[in-house]
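Bear in mind that the values in this text are calculations on the coordinates, not laboratory data. These numbers come from a predicted model, not from an experiment. Please note: Cβ atoms are built from the backbone with ideal geometry, for glycine as well, and neighbour counts cover all protein chains shown.
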Amino acid sequence: MLRKLIVASTLGLFLATSVVTPASAATIKTGTACKKAGQVVKVGKKTYVCGKNPIVTPTKNTYMLTTCSKANALYRDGMEQYEQLQGLYSLLDTADKAEVDLFKKNSDDLYANMKSKLCKRGA
C-alpha cells in the first residue's frame, strides 16, 4: 500500500510540474502558413498577424510579426509622401532639401531593418 502511495505521489508530482506546450503555439513563427488574413496570435512575448509578408516571396498568407505589418504600412505611407515631394524638390531651399534627403535615408533604413529583422522568415 505504501509503495502504491509513493508511486502515485511521485507520478502526480511529475505531472504537476511538467510544462505542457500546445503543439500549435510551438510551430507559429514568421513564414508559417495561415488561412485567415488579419488573424492575430500571441506566442510568448511575440504577437503575429496573418497576412502577405511584404518582404518574403511567395506572397501567400503567412504569419508575420505585427511590427513587420506596422512598419510596412509606415514605409508605404512615407514613400507616397516622398513621391509627392519629388515633384517639388527643385523648388525647395537647401534646408528643406536636406530634410527630404534625411527622410529618404530614414525610410531606406526602415526598409533595410524590415528586410533583415522584422519581416525575416523564422523571426
Can you name the residue in the range 37-59 that is without any contact (Cβ under 8 Å) to a residue 24 or more places away in the chain and small (Gly, Ala, Ser) and is also nearest to Lys115 (Cα to Cα) among such residues? Gly51
Note: among Val49, Val100, just one is β-branched (Val, Ile, Thr) and touching a Leu at 6+ places or on another chain (Cβ under 6 Å), namely Val100
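If you go through the range 87-99 one residue at a time, do you hit one that is of a type in the set (Lys, Arg) and in contact with a Phe, Trp or Tyr (Cβ under 8 Å, 6 or more places away or on another chain)? It would help to see each step written out before you state the result.
Filtering the range 87-99 for residues of a type in the set (Lys, Arg) gives 97.
Subsequent filtering for residues that are in contact with a Phe, Trp or Tyr (Cβ under 8 Å, 6 or more places away or on another chain) retains 97.
There is at least one residue in the range 87-99 that is of a type in the set (Lys, Arg) and in contact with a Phe, Trp or Tyr (Cβ under 8 Å, 6 or more places away or on another chain).
Does Lys105 fit the bill of being under 29 Å from Gly51 (Cβ atoms) and over 19 Å from the mean Cα position of the chain (by Cα)? Working first, answer last.
Values: under 29 Å from Gly51 (Cβ atoms): yes; over 19 Å from the mean Cα position of the chain (by Cα): yes.
In short, yes.
Report whether or not Arg76 is within 28 Å of Ala33 (Cα to Cα) and touching a Ser or Thr at 6+ places or on another chain (Cβ under 7 Å).
On the way: within 28 Å of Ala33 (Cα to Cα): yes; touching a Ser or Thr at 6+ places or on another chain (Cβ under 7 Å): no.
Spelling it out, it is not the case that Arg76 is within 28 Å of Ala33 (Cα to Cα) and touching a Ser or Thr at 6+ places or on another chain (Cβ under 7 Å).
Return the residues of the range 75-90 that are in contact with a Pro (Cβ under 9 Å, 6 or more places away or on another chain) and either part of a strand (DSSP E or B) or charged (D, E, K, R) (or both); say none if nothing qualifies. Full working, then the answer.
Within the range 75-90, the first condition is being in contact with a Pro (Cβ under 9 Å, 6 or more places away or on another chain), and the residues that meet it are 75-76.
The answer is Arg76, and nothing else.
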What pairs can you find where one residue is in the range 60-88 and surrounded by 13 or more Cβ atoms within 10 Å (Cβ to Cβ), the other is part of a strand (DSSP E or B) and among the charged types (D, E, K, R), and their Cβ atoms are less than 7 Å apart, with a gap of 6+ or different chains? Asn61/Lys52; Leu65/Lys46
